[in-house]
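Report on one structure; see the data block that follows.
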Protein chains: 4
Amino acid sequence: MSKKIDVAVLGATGAVGQRFIQLLEDHPWFQVTELVGKSSAGKRYGDAVNWVLNGNPPESVVDLTVKPLDAELDAPLVFSALPKEAAVDREPQLASAGHIVCTNAGAHRMAKDVPLLIPEVNADHVQLVDVQRANRDWTTGALIANSNCTVMPLVMALAPLRQFGIRRVSVVSEQAISGAGYPGVASLDILDNVIPYVGGDEDKMQTESLKMLGTYVAGQIDLFDAVVSATCTRVPVIDGHLVNISVDLESKPSIDEIITAWGTYQGDSRVALLPSAPEKPLQYLSQIDRPQPRRDRDAGKGMMTSIGRLRECPVLGYKFAALSHNTIRGAAGSSILNAELLAVTGYIPSFEPELAQALP
Amino acid sequence: MSKKIDVAVLGATGAVGQRFIQLLEDHPWFQVTELVGKSSAGKRYGDAVNWVLNGNPPESVVDLTVKPLDAELDAPLVFSALPKEAAVDREPQLASAGHIVCTNAGAHRMAKDVPLLIPEVNADHVQLVDVQRANRDWTTGALIANSNCTVMPLVMALAPLRQFGIRRVSVVSEQAISGAGYPGVASLDILDNVIPYVGGDEDKMQTESLKMLGTYVAGQIDLFDAVVSATCTRVPVIDGHLVNISVDLESKPSIDEIITAWGTYQGDSRVALLPSAPEKPLQYLSQIDRPQPRRDRDAGKGMMTSIGRLRECPVLGYKFAALSHNTIRGAAGSSILNAELLAVTGYIPSFEPELAQALP
Amino acid sequence: MSKKIDVAVLGATGAVGQRFIQLLEDHPWFQVTELVGKSSAGKRYGDAVNWVLNGNPPESVVDLTVKPLDAELDAPLVFSALPKEAAVDREPQLASAGHIVCTNAGAHRMAKDVPLLIPEVNADHVQLVDVQRANRDWTTGALIANSNCTVMPLVMALAPLRQFGIRRVSVVSEQAISGAGYPGVASLDILDNVIPYVGGDEDKMQTESLKMLGTYVAGQIDLFDAVVSATCTRVPVIDGHLVNISVDLESKPSIDEIITAWGTYQGDSRVALLPSAPEKPLQYLSQIDRPQPRRDRDAGKGMMTSIGRLRECPVLGYKFAALSHNTIRGAAGSSILNAELLAVTGYIPSFEPELAQALP
Amino acid sequence: MSKKIDVAVLGATGAVGQRFIQLLEDHPWFQVTELVGKSSAGKRYGDAVNWVLNGNPPESVVDLTVKPLDAELDAPLVFSALPKEAAVDREPQLASAGHIVCTNAGAHRMAKDVPLLIPEVNADHVQLVDVQRANRDWTTGALIANSNCTVMPLVMALAPLRQFGIRRVSVVSEQAISGAGYPGVASLDILDNVIPYVGGDEDKMQTESLKMLGTYVAGQIDLFDAVVSATCTRVPVIDGHLVNISVDLESKPSIDEIITAWGTYQGDSRVALLPSAPEKPLQYLSQIDRPQPRRDRDAGKGMMTSIGRLRECPVLGYKFAALSHNTIRGAAGSSILNAELLAVTGYIPSFEPELAQALP
């Protein structure tokens, strides 16, 4: 049996760090061997972490000693759940030192040579790693970002509609509390309440979506040519970001044509074979009151996007709802899928292809 | 001291019926003397009602015996919290029998000769009562509807913007559970969840809004000329409907001009003197994360609409959030305000104007 | 490969019925072949059911036609999620007709010849089936009940303490909304609220617990000799009943002795090998703020009881908290475990022992 | 008209500090003139505060500049919402400097010469102020504590039962999130969950209750002679602490005798005339499912305790539920009531008795 790739998790005690650890337990290609934190450095992980996910931290990591943020790491592959401020400097340093850094942080998402990946949608953007290495004199290292948690369901739902000519998009989100990390949203702010503002997310919806939907041409990404307007709100839901989307499509497809476009969408063919990929990237639900966060967030083990309620919009033409699990598909799970894509596309030197062939 | 007007409440044991009773306690002009219900007919109100509001039912009504739906009533003024099916026939019958019927039901809202009132916005639509009486051979009776609870904050926020030329409106609601009555939404459906569909409300948003914003001309309402697209969702909030609105305004006002338009809006001058009218119809909140249902629904004793987050929308031009208390301003409280308007405009024969002059 | 046993589910469209179907999907011994309902009879299950669990109903059952309540059934094994009133007559009829009926209903729990089973605790009570068959002239049929959902964590936590001489127990529950079925608790009653009363459950806590902790002697159950006082409340939690227990123990064990008693508890040795049995029946959590419903209800796939906070009680001696998943361990999952016990103890004639030996 | 007494609020930007300010608006005897905070010192209150109560901070205080914690104060009366650590030293300093300090902090509650007051229950404990002044060489100053928010409903419910001989009490609380201040409980910890532990509160329940129920004899408090066992849990409720109480009463009164004892309870006769006193200190609710936090917390403007569900307890004799609003009756409101008692009993030198006589 081939050897799994060693993995370090940065920001290991935070909410997203915990999700990385949870999802990497029993991963067929990767194994967590190093944990990195700031205030918890030097402590046993099991003692340092306030585990906010269900159950308890996996036995395989509780006895690891948390390393400080500036520690040299052995693992070739690094998953980063750092806050933006910490990510700005440390992530490029680690990439420069030869590590593959798959980050959930927003710090570098819009950098021109950093791939911002949703593998089904834009796996070919991975070629930016070559540009990046050339630009920055990196050898084996790389820095790859995953989508913001709220942008995720928007881009996944729009990707199959590009064929119809997307011109204008208006989106209103209803976001789960886990998107704000831990302790994050105070219960006194959100019980029996909605907060009609989520700092920073509206900008990300309006810009990062265009990069992800864009086209890799000659070493750079041509941004997708459309206008997006976003309103972001927070609701008393644990996990699962729901987005209500109106869209103006140039070719005026029928409702059935759009549902077919979603139903047949597979995205990049290399993705379906990755261990964290869902059976299909998205599903269209025909019930009139779906998708719902609690009932649909775990579709495809939290990696599948659910869409529903497609109907005419008197203003923009079409409207519908989409939902993704924000801390799995919109954070840790996406980063792991990105790493799997990097592995099969040859960007992780130590990856042994036999591992992939041993897939069930 | 002048005598108060006797009032009957139809559907008195339901959630909106209870709110009518609660708001009418100690009303300076009206007093509840008759309660009407279907399954509770013949019972003492205190025994029949499952009081779902805070506290307990007022002492003044607990000993009233609930009358059957087809009972002849003594009260000249009738508030109806009937479900649509029961309202269709019974409300016109009572108006025909000489009663002023102020209804929260949706059954007759779009009938051409029924005023659909938000007094600050369209008090002059009350003239439809004359048309109605002529059309239907009614003498002292009348049928007047209040706004649907979700349409309420939309229309109140848009009314002061008519001067700028409203062309297109896109709105996504986040509605409280009390909007569905009692028992209404099952807790298993809404805890830790959002339901992205509220039956019937999207249509109402797209049509009833245009009637309320319309103009009374020669015995009928010219519908307001704009296009509205609505998406209605349900969130785990007790009271308070939040709407996220994008709007296209022809004259391209500045942000400040719009805020001034809201800040100075008084609406029809007869309304400010009514006992249930808030100090002003709406307030603009400058905090970046307001309005919020729990914190702002009780503004003006639940009768004031709160607006916030006005900013540019890359698609339609402007976007903002608005909030009204759905069972007060969006239901019982609005109907009571309608009745007060009818009183001071002379449509309730038994109303003694001295009552109004005795206002504090 | 041996043939699985055909299974019918009564009350298949209700909340517990759905849980039966969900848990029986891919069961190694049983397969659902018949669904029975009242108002849904004659319909395709996929059309009749309002699926309130996460995701969607399994593909394997959506095309089954729901049979009426009085239909003759083919399946030798019947799981009943009927409401009490429907269960009273129909369950004995089916047992009389030769079916093994494992019921979640409360109708027959306290009947002297009906085993009320928590297999780890009182597997030997299964012998009542022989008494039952003799009493009622049943041949291959039987009627077996599982624990009420709130009694479940109480009995599981107390069972290992019987060795210390349990004399008095005081318990206050905080119960999840799913315990009331669907639509069950209205959201207007429970959001931002606690309901300090759950009809019927206090009596069940005080009586059914003594039967389950009791002893099978000569064809009947000697009730356990202790006094239990219960207070039952409902809280805004989806799944997982938490009980706060104070207990008076005659032999005054140390805190460590009690924790050891729990930690080493295995219960009846035949149970650990059953497919639905958790790795161990209960776990003691050392964190000061556990067990918690959301974080611990899924322990052991919802079949393990979690205990924590053991400390001295100035009034009764000891106090602690216990938690079980109410619709899995406290309902459908327990009934399935009961059926598995019946299978391996020879009470289901058509069960082929090779099935059991093929266990992983 | 007599002059109102100037008041300072310590910890003015915290959740309880905000509640003090809200309740003191329009108080007939007191007016807020100074606000004190730590991190907000030097700022305009309207800018410094993150108002977590409904609506917005009162206009009368938004322009006050927050003073630092060690500032000399002009106001003779000081309400303290300081955290325990800050209260330890600063409160006695202010009392020593001549201020009447009414505190919600737990720091000095159990000090032998500090009155721990629930005026209806133990107004005569106010005489400890004389002891305190003698002990500590204080002249016009004094330090008076109010009840912990969870102990409040327990003591109020037990006080009228002292006549029956209270021997043992077992209590399980279901506490609201506002009891933990702001930001307090993280939403990720409490949505769809119960936390079966509230740090420190179990000890307070078991000790502070005995001081409040105790007797003032010759310059000190004889603790009440009973044993209390408490379990404290946190539930997803905004305001209102519910306690489930079992009690052993020596004289074995009938259920009716107990209800009569509660129904006729007035407590100290001086209290009913105080402006913040509710019409009566407690009410017994006959509905089987009350009291409920959301529906009963605002009884008596949040100052009345609601009791219900009295029934036999097989273990201790009697059991019932009680509820108080934790941030009004269990915190700021109680402290204000304490100050009012001090005023009419002559402990606030600058209080002009004409103010009290002008009461409506």
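The values are calculated or read from the model by the stated rules, or taken from the named source; none is laboratory data. Values in this document were obtained by computation on a predicted structure and should not be read as measured data. Heads up, the Cβs are rebuilt from the backbone with ideal geometry, glycines too, and the neighbour counts pull from every protein chain shown. Calculation scope for accessible area: heavy atoms of the full protein, side chains included, ligands and nucleic acids excluded. Shrake-Rupley method; radii C 1.70, N 1.55, O 1.52, S 1.80 Å.
Across the range D:266-291, which residue is nearest to D:K4 (Cα to Cα) among those that are touching a strand residue (DSSP E or B) at 6+ places or on another chain (Cβ under 6 Å) and not aromatic (F, W, Y)? Talk me through it step by step, then tell me what you get.
Step one: filter the range D:266-291 for residues touching a strand residue (DSSP E or B) at 6+ places or on another chain (Cβ under 6 Å), giving D:282-285, D:289-291.
Restricting the remaining residues to those that are not aromatic (F, W, Y) gives D:282-283, D:285, D:289-291.
Values: D:L282: 29, D:Q283: 32, D:L285: 37, D:D289: 43, D:R290: 39, D:P291: 37 Å.
Once the filter is applied, the top-ranked residue is D:L282.
Which one of these is over 20 Å from D:Y318 (Cβ atoms), part of a loop (DSSP other than H, G, I, E, B) and open to solvent by 10 Å² or more (accessible area, probe 1.4 Å): D:G179, D:G184?
Details: D:G179 fails: part of a loop (DSSP other than H, G, I, E, B).
The conditions single out D:G184.
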Filter the range C:15-70 for residues that are within 14 Å of chain A (Cβ to nearest Cβ) and among the acidic types (D, E); the one that is least open to solvent (accessible area, probe 1.4 Å) is C:D47
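From the residues in the range B:124-140 that are surrounded by fewer than 13 Cβ atoms within 10 Å (Cβ to Cβ) and not hydrophobic (A, V, I, L, M, F, W, C), which one is farthest from the chain's Cα centre (by Cα)? Step through it out loud before you land on a result.
Taking the range B:124-140 and keeping what is surrounded by fewer than 13 Cβ atoms within 10 Å (Cβ to Cβ), we get B:134, B:137, B:139.
Checking which are not hydrophobic (A, V, I, L, M, F, W, C) leaves us with B:137, B:139.
Values: B:D137: 27, B:T139: 25 Å.
Looking at residues that are surrounded by fewer than 13 Cβ atoms within 10 Å (Cβ to Cβ) and not hydrophobic (A, V, I, L, M, F, W, C), I get B:D137.
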Condition first: in contact with a helix residue (DSSP H, G or I) (Cβ under 9 Å, 6 or more places away or on another chain), touching a residue at least 40 places away in the same chain (Cβ under 8 Å) and small (G, A, S). Can you find one or more residues in the range C:102-117 that meet it?
yes
Within the range D:153-176, residues away from chain A (no Cβ under 14 Å) and either outside any helix (DSSP H, G or I) or charged (D, E, K, R) (or both) come out as D:R162, D:G165, D:I166, D:R167, D:R168, D:V169, D:S170, D:V171, D:V172, D:S173, D:E174
(Q) When you check C:K204 against the structure, is it closer than 19 Å to C:A331 by Cβ, open to solvent by less than 40 Å² (accessible area, probe 1.4 Å), among the basic types (K, R) and more than 10 Å from every other protein chain (Cβ to nearest Cβ), yes or no? (A) no
Original post:
Can you find even one residue in the range D:47-61 that is of a type outside the set (K, R), without any contact (Cβ under 8 Å) to a residue 60 or more places away in the chain and over 27 Å from D:P275 (Cβ atoms)?
Top reply: yes
Turns out the helices (runs of 4 or more DSSP H) fully within the range A:250-355 with at least 3 residues that are farther than 28 Å from C:N50 by Cα are A:333-344
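Can you work out which of the residues in the range C:270-288 that are within 14 Å of chain D (Cβ to nearest Cβ) and open to solvent by 50 Å² or more (accessible area, probe 1.4 Å) is farthest from C:E340 (Cα to Cα)?
Residues of the range C:270-288 within 14 Å of chain D (Cβ to nearest Cβ): C:284-288.
Next cut, open to solvent by 50 Å² or more (accessible area, probe 1.4 Å) only: C:284, C:286-288.
On the way: C:Y284: 26, C:S286: 32, C:Q287: 34, C:I288: 36 Å.
Selected residue: C:I288.
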For the range D:187-221, the count of residues that are of a type in the set (V, I, T), part of a loop (DSSP other than H, G, I, E, B) and touching a Pro at 6+ places or on another chain (Cβ under 8 Å) equals 1
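Go through C:R19, C:R90 for me and flag whichever is modelled with pLDDT of 95 or more and out of contact with any Asp or Glu (no Cβ under 9 Å at 6 or more places or on another chain).
Values: C:R90 fails: out of contact with any Asp or Glu (no Cβ under 9 Å at 6 or more places or on another chain).
Checking each option against the conditions leaves just C:R19.
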Considering the range B:222-246, residues that are buried (at least 24 other Cβ atoms within 10 Å of the Cβ) and farther than 30 Å from B:L188 by Cα, and then whichever is farthest from the chain's Cα centre (by Cα), we arrive at B:S246
Subset of the range C:24-39, residues of a type in the set (G, A, S) and either at pLDDT 95 or above or not assigned by TED's automatic domain parsing to the domain that holds C:T65 (or both), comes to C:G37
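Can we say B:R297 is of a type in the set (K, R), within 13 Å of chain A (Cβ to nearest Cβ) and buried (at least 24 other Cβ atoms within 10 Å of the Cβ)? It would help to see each step written out before you state the result.
Working: of a type in the set (K, R): yes; within 13 Å of chain A (Cβ to nearest Cβ): yes; buried (at least 24 other Cβ atoms within 10 Å of the Cβ): yes.
The answer is yes for B:R297.
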Scanning the range A:190-200 for residues that are surrounded by fewer than 21 Cβ atoms within 10 Å (Cβ to Cβ) and more than 7 Å from every other protein chain (Cβ to nearest Cβ), the one nearest to B:S178 (Cα to Cα) turns out to be A:G199
If you go through D:G302, D:G267, the only one that is closer than 17 Å to D:V243 by Cβ, more than 14 Å from chain C (Cβ to nearest Cβ) and not hydrophobic (A, V, I, L, M, F, W, C) is D:G302
- Mind checking whether some residue in the range A:340-349 is on the phi > 0 side of the Ramachandran plot, small (G, A, S) and open to solvent by less than 20 Å² (accessible area, probe 1.4 Å)? no
With the first residue restricted to the range A:212-227 and required to be within 24 Å of B:G317 (Cα to Cα), and the second required to be open to solvent by 80 Å² or more (accessible area, probe 1.4 Å), Cβ contacts under 9 Å at 6 or more apart or on different chains are A:L213/A:L223; A:D225/A:R167; A:A226/A:R167; A:V227/A:R167
Restricted to the range A:121-144 and to residues being of a type in the set (A, V, I, L, M) and touching a residue at least 60 places away in the same chain (Cβ under 8 Å), the residue nearest to A:G214 (Cα to Cα) is A:V121
Conditions (1) farther than 21 Å from C:G98 by Cβ; (2) touching a helix residue (DSSP H, G or I) at 6+ places or on another chain (Cβ under 7 Å); (3) of a type in the set (A, V, I, L, M, F, W, C) -> C:A48 fails only (2)
Of (1) out of contact with any Gly (no Cβ under 8 Å at 6 or more places or on another chain); (2) within 10 Å of another protein chain (Cβ to nearest Cβ); (3) small (G, A, S), B:A331 fails just (2)
